[in-house]
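Quick notes on the structure that follows.
The values are calculated or read from the model by the stated rules, or taken from the named source; none is laboratory data. Just so it is clear, the model here is predicted, and its values are computed rather than measured. Don't worry about glycine lacking a Cβ; one is built from the backbone with ideal geometry, like all the others, and counts go over all protein chains shown.
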Amino acid sequence: MLFELLLLLLLLATTFAVVATAAMLILRRWKRAYQTIAATAATWLAYLATVAAVSAFTPQKILGMNDDLCFDEMCFAAVDFRLTHQLGPPDRPITANGSFAVVAIRVSSHSRGRTQSEGGLRARLWDGTRNYDEVAADQLRFQNIGIKAIPLTERLSPGQSVLSVQVFDVPHAPTPLQLVLDHGITPGYLVIGEAPWFKEPAVIALTPSKPASAR
């Protein structure tokens, strides 16, 4: 939160500097305008260098099952993981191209005074060589067999927690899988300590609770 406020202050100061520079140019105060532009550019260079340095020297965070990965007051933990070739009732099954990786994620709010959510959060699986994004079509069909559709971005009251089930279609014999929760490209790329410029994202190492079922 502190570094987010710092970025906000820097953006506000930059906006003020741009307006002031425009006024100076209109008044033909060339030297003052140049000094303002140079000072603003130097400030941004110093800030971005700090963002890059912190990113480069921050080790990757690797968590296990039931460990919370928190974004401010919203926390997420993988509480169950299983591999299966088929989902749904026998009379209308959903069959995977490879295997379904079903991850139950506990979403909890540690807020003390307001309802909130973690906007824009997405789930991906990583096997060491490639990403597997949530399979939207299979996720929808999975929800249609009776699973309540609770997204990772669900708004929660203080102290509330829910389970969000994420479904992925992965190869038949995947290497050990890791869950990645991130926001994609957001203003967080400019926040000290959050920018993923030179570091791998935090991951949750998944341990299957059940072996893959036979066909």
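Summary table
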item	result
Residue that is farthest from Gly188 (Cα to Cα), among those in segment 41-81 that are of a type in the set (Gly, Ala, Ser) and at pLDDT below 90	Ala56
Residue satisfying condition, being in a helix (DSSP H, G or I) and touching an Asp or Glu at 6+ places or on another chain (Cβ under 9 Å), within set Phe3, Phe16, Phe76	Phe3
Subset of segment 35-88 [β-branched (Val, Ile, Thr) and in contact (Cβ under 8 Å) with a residue 40 or more places away in the chain]	Thr50, Val51, Val54, Thr58, Ile62, Val79, Thr84
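Residue-wise test of (1) closer than 17 Å to Glu118 by Cβ; (2) buried (at least 19 other Cβ atoms within 10 Å of the Cβ); (3) touching a residue at least 40 places away in the same chain (Cβ under 8 Å).
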site: Glu154; (1), (2), (3): yes, no, yes
site: Gly159; (1), (2), (3): yes, no, yes
site: Ile185; (1), (2), (3): yes, no, no
site: Pro196; (1), (2), (3): yes, no, yes
site: Ser209; (1), (2), (3): no, no, yes
